[in-house]
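First the structure, which I've put down as C-alpha cells, then a few questions once you've had a look.
The values are calculated or read from the model by the stated rules, or taken from the named source; none is laboratory data. Since we're looking at a predicted model, the values are computed, not measured. In this analysis, Cβ positions are derived from the backbone assuming ideal geometry, glycine residues included, and neighbour counts consider all displayed protein chains. These accessible areas exclude ligands, DNA and RNA; they are computed on the full protein's heavy atoms, side chains included. Shrake-Rupley method; radii C 1.70, N 1.55, O 1.52, S 1.80 Å.
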Amino acid sequence: MKKTTGAVVGLIGSGSLLLTVPILAVGAGTASASCSTGGAQAVDTSAVAAQAKAILDGDTKETVAVAGLDDPAEQVPNAKTIQATGVAMNIPARGQIVALATALQESRLRNLTYGDRDSLGLFQQRPSQGWGTANEILDPVHSATTFYEALEKVSGWQSLSVTQAAQAVQRSGFRDAYAKWEPLATALQQAIAPLLPTASGASASDSASTGSNSLTTAGSCTADGDGTDFGTIPAGAVPAGYKIPTDASPKVQKAIRWALGQLNTPYQWGGSCTNSHGSNPMGRCDCSSLIQQSYKAAGLTLTRTTYTQVKEGKAVSVDALQPGDLVFTEGTAEVPEHVGMFIGQGLIINAPHTGDVVRIATLASWKTQILAARRVV
C-alpha cells in the first residue's frame with residue numbers, strides 16, 4: 001500500500017416551503033434579502049469567506065463570528081462536501097445553493113445521527129422513504145448525490161425559487177423554513193467556489209453556472225481514449241467535458257461519483273478515507289482506501305490494501321479497460337504498491353502520495369507503468 005490521500009463531498013432532509021423566496025442583492029460586503037419573507041437575515045459575505053478559508057486551511061486560531069455558523073469546524077467542511085459533490089455532478093451554482101440552504105435548515109450543516117422519526121444526516125433523509133440505508137445516508141457524498149438526483153427530477157427547478165426547489169425535494173411540513181437560509185447558503189457557495197478548481201482554471205462556480213452537462217472536449221465522449229485530449233488537468237479538478245459514463249453499471253457509476261467527491265483532499269498514508277474533508281488526517285485517503293471506500297459506497301466490499309485488491313475480481317487487459325476497473329502500478333504485478341480507478345474517457349482517479357491530493361490523471365501518463373488491471377464489477 002503506497003502512501004497516498006483522498007478528497008471531497010453531501011445529503012437531503014424534511015423541511016421546506018413554497019413561498020416566494022427573497023431575492024438576493026449581493027454587494028461588495030453583504031448578501032441580503034430584498035424582502036423579509038421567511039425571516040432571511042443579511043449576511044456579511046466577507047466574514048463568511050474569511051471563516052470558510054480559515055477552516056479549510058486548517059487555521060484553528062482564526063475566529064470570525066458568522067451567524068448560523070456556530071460550529072464552523074464541522075459545518076464548513078460539510079458545506080464543501082455538498083458543493084464539491086454538486087460540481088462533480090455538473091450541478092450549476094444555483095443548485096448548489098439550494099442544497100446548502102436545505103442542509104442549513106435540516107441539520108445546520110451537521111451530519112446528525114438522529115432526527116424526527118428515522119431522519120438522519122445533513123439533509124435529514126429517511127431510510128424508510130428510500131433515501132438509502134442509515135449508513136449510506138450518513139455518508140455525506142451519498143446523501144448529497146441523492147439530493148441532487150432528486151432535484152434534477154423536479155421539472156423546471158432552475159426557474160423555481162430556492163425555497164420552492166428545496167420544498168419540491170424535501171416535501172417538508174415547514175413550508176417557509178428554507179428562505180431564511182438563502183443568503184448564508186449563497187455566501188458559502190461563493191466562498192467555497194474558488195477552492196474547487198476546474199480544468200479551465202476558472203472557479204467551480206463559473207464552470208457550473210452554465211448549467212451545461214454537455215461534453216466539450218474533442219474525442220472525450222468515448223471511454224477508450226487515453227485522456228490526452230483533456231490537456232493538463234489541474235490538481236483536484238474535474239476536467240472540463242468529463243462526464244460519468246452512463247453506460248457503466250449503476251454500482252460503477254456510484255463508485256466513480258463517490259471517488260470524485262474526494263477530489264482535492266490531501267493524501268494520508270494509512271488513512272481510512274472515511275472523512276477525507278475532516279480535520280483528522282487519518283480520516284483522509286490513501287490510494288487503496290480511496291478504492292475501498294468508493295466501492296463500499298456502491299455496496300461492494302473490497303479488501304484494504306493494494307496487495308490484496310490486485311487479487312479482487314478478474315484480470316483484464318490494459319487495452320480493454322472499462323470504467324470502474326482498477327489499475328495497479330509500482331512494485332510488482334504480484335505485489336503492487338499503487339492503485340487507481342479508471343473512470344472512462346481515458347482518465348484515472350487516484351490518491352498519489354504524501355504531499356499531493358486526490359486527483360485525476362490520464363491513462364496515457366500511466367500506461368507504460370501499469371502492472372495489472374482488475375475488474376471488480
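I'm told residue 31 meets every condition in (1) closer than 21 Å to residue 177 by Cβ; (2) hydrophobic (A, V, I, L, M, F, W, C); (3) outside any helix (DSSP H, G or I); (4) at pLDDT 85 or above except one. Can you identify the failing condition by its number?
(4)
Condition check ((1) among the aromatic types (Phe, Trp, Tyr); (2) crowded, with 17+ Cβ neighbours inside 10 Å; (3) out of contact with any Phe, Trp or Tyr (no Cβ under 8 Å at 6 or more places or on another chain)) across all residues:
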residue	(1), (2), (3)
310	no, yes, no
317	no, no, yes
325	no, yes, no
328	yes, yes, yes
334	no, no, yes
348	no, yes, no
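Oh, and also: Any idea which of (1) under 20 Å from residue 266 (Cα atoms); (2) modelled with pLDDT under 95; (3) open to solvent by less than 20 Å² (accessible area, probe 1.4 Å) is the one residue 360 doesn't satisfy?
Result: residue 360 fails condition (2) only.
Return yes or no: is residue 296 surrounded by fewer than 17 Cβ atoms within 10 Å (Cβ to Cβ) and either of a type in the set (D, E, K, R) or within 19 Å of residue 352 (Cα to Cα) (or both)?
In short, no.
Report every pair of residues separated by at least 6 positions or lying on different chains whose Cβ atoms are under 8 Å apart, first residue within region 299-325 and among the aromatic types (Phe, Trp, Tyr), second part of a strand (DSSP E or B) and open to solvent by 40 Å² or more (accessible area, probe 1.4 Å).
none
Looking at (1) in a strand (DSSP E or B); (2) farther than 17 Å from residue 309 by Cα; (3) among the aliphatic types (A, V, I, L, M), find the lone condition where residue 372 falls short.
Failed condition: (2).
Consider only pairs whose beta carbons are under 6 Å apart and that are at least six residues apart or on different chains; among these, list those whose first residue lies in region 91-118 and is closer than 17 Å to residue 136 by Cβ and whose second residue is open to solvent by 30 Å² or more (accessible area, probe 1.4 Å) and of a type outside the set (Phe, Trp, Tyr).
Listed by first residue and then by second, the contacts come to 118/126; 118/127; 118/128.
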